[in-house]
1. Which distance in nm do the two modelled labels at GLU244 and GLN336 give, with both placed 7 Å along the Cα-to-Cβ direction?
2. Show me 193-200, 3-10, 16-23 ranked by packing, highest mean number of other Cβ atoms within 10 Å first.
3. Please report the spacing between the Cα centers of the stretch 346-408 and the stretch 175-226 in Å, no decimals.
4. How far is helix 288-309 tilted off the main Cα axis of the chain, in degrees rounded to 10, range 0 to 90?
5. Considering lysine pairs in the chain that are 8 or more places apart or on different chains, how many have Cα atoms under 18 Å apart?
6. For the chain, with every protein chain kept in place, what is the accessible area per residue (1.4 Å probe, Å²)?
7. Could you compute Rg(Cα) / (2.2 N^0.38 Å) for the chain, with N its residue count?
8. What does the charge dipole of the chain about its Cα centre add up to, to the nearest 20 debye, if the Cβ of each Lys and Arg holds +1 and the Cβ of each Asp and Glu holds -1?
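The values are calculated or read from the model by the stated rules, or taken from the named source; none is laboratory data. None of the values given here were measured: they were computed from a predicted structure. Here the Cβ positions follow ideal geometry from the backbone for every residue, glycine too, while neighbour counts run over all protein chains shown. All accessible areas refer to the heavy atoms of the entire protein, side chains included, with ligands and DNA or RNA removed. Shrake-Rupley method; radii C 1.70, N 1.55, O 1.52, S 1.80 Å.
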Amino acid sequence: MTQFVHLRVHTEYSLVDGVVRVPALMKAVAAAGMPAVALTDQNNLFAMVKFYSEAQKHGIKPVIGVDVLLREGDERAEPSRLTLLVQDNDGYRNLTRLVSRAYLEGQQRGVPMLERAWLDAAWTRGLVALSGGREGDVGRALLGGRVAEARAQLEGWQALFGDRYYLEVQRTGRPGEEEYIRGVLALLADVPAPVVATNDVRFVAPADFEAHEARVCIHEGMLLDDPGRPRRYTEQQYLRSPGEMAALFADLPEAIENSVEIARRCSIDVTLGKSFLPEFPVPSGMTTADFLRQEAARGLGERLAAIERAPELCLKVVARADYESRLALELDVICQMGFAGYFLIVADFIRWARGNGVPVGPGRGSGAGSLVAYSLGITDLDPLRYDLLFERFLNPERVSMPDFDVDFCMEGRD
């Protein structure tokens with residue numbers, strides 16, 4: 001039985017040109033007997049958790065990746081394309097860093113892009129690269145007749161990725177594909193490199209093509225029946241079966257075999273269902289829980305001192321001992337559940353906002369029932385004065401992440 005793995009698939013999370021729904025994708029992959037499939041949405045990893053979970057349910061190996069855009073030196077030039085696949089956990093971390101940096105530093109007219117300078121040995125470790133076919137820099141140079149440039153680009157990628165860089169070939173009925181493949185084969189005579197076949201999948205079945213085109217038109221603000229709109233996709237960009245792909249590339253069997261080889265090389269372990277909080281920096285020699293207790297005690301002291309200075313503002317007199325026992329009870333629960341850092345982090349950004357002229361609301365929702373939150377300045381409502389229950393916010397018998405509702409003023413919120 002022929003084996004093949006689709007390594008370039010855009011789901012509905014690509015937002016601009018994909019209509020593949022993840023559950024339907026997994027059912028189709030399993031029905032076709034494919035052992036793995038890749039997720040390569042454009043410029044994002046939005047579907048990763050759903051994709052990983054569904055793949056595990058169906059006994060399919062998930063290959064995680066992103067279809068990225070590379071900014072070219074000439075600002076008027078269209079960005080070239082590159083597909084990055086996660087080989088291991090180091091590669092996953094590097095890919096998340098690259099995608100995040102593209103959104104933070106690389107946006108051009110609202111489209112996140114990578115700078116070539118960011119792709120060095122450290123940031124590409126653990127990643128497998130596919131050349132992008134006709135839309136990659138090697139492909140564009142070949143189609144433009146610039147063979148020397150294509151050779152230089154290929155050698156540059158090989159110096160960076162080594163044997164983890166593959167020349168991508170496609171046969172989806174789009175202009176220039178056969179010319180490009182001929183150029184690739186001629187180039188390989190001078191610079192040996194592995195090739196891999198992809199189908200640049202945008203929908204599961206051919207019947208989904210019209211829905212795909214409607215999505216593209218919605219994104220681009222064009223009409224379906226506009227004779228002048230660009231047609232960049234074809235009905236052939238569906239999830240072809242392994243047999244169909246093998247027949248399509250009967251003259252390049254190694255391109256089919258390499259798709260399986262790449263899937264074998266790519267393995268990642270993702271822990272789901274567990275919350276990971278950043279570590280709040282605390283003074284040397286103290287634990288996060290110790291620091292929270294210290295800050296809460298200090299904050300409560302300041303709150304009680306303010307109450308003593310203006311007793312006429314109190315609706316209800318509460319003994320200091322009641323405050324202290326309630327604080328100790330809450331701190332025990334918070335530290336036992338592992339949320340000491342969460343309280344410190346929320347208090348930190350609220351304190352920063354107030355200190356920098358950004359008004360913050362006094363607190364609402366179940367979080368207003370926490371004396372620790374009141375002591376840290378997260379809220380400005382005294383829960384004992386108003387008989388508010390801490391157990392509505394955190395309860396050891398109902399373990400869930402705490403969730404403070406924080407209202408920042410419209411002015412300065414960003």
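1. Between GLU244 and GLN336, the simple spin-label model gives 5.8 nm.
2. The packing order, highest mean first, is 3-10, 193-200, 16-23.
3. First find each Cα centre; the distance between them is then 52 Å.
4. Once rounded, one gets 40 degrees.
5. Close lysine pairs under the 18 Å cut-off: 5.
6. That works out to 48 Å² for each residue.
7. Cα-based Rg divided by the globular estimate yields 1.29.
8. Here the chain has a charge dipole of around 300 debye.
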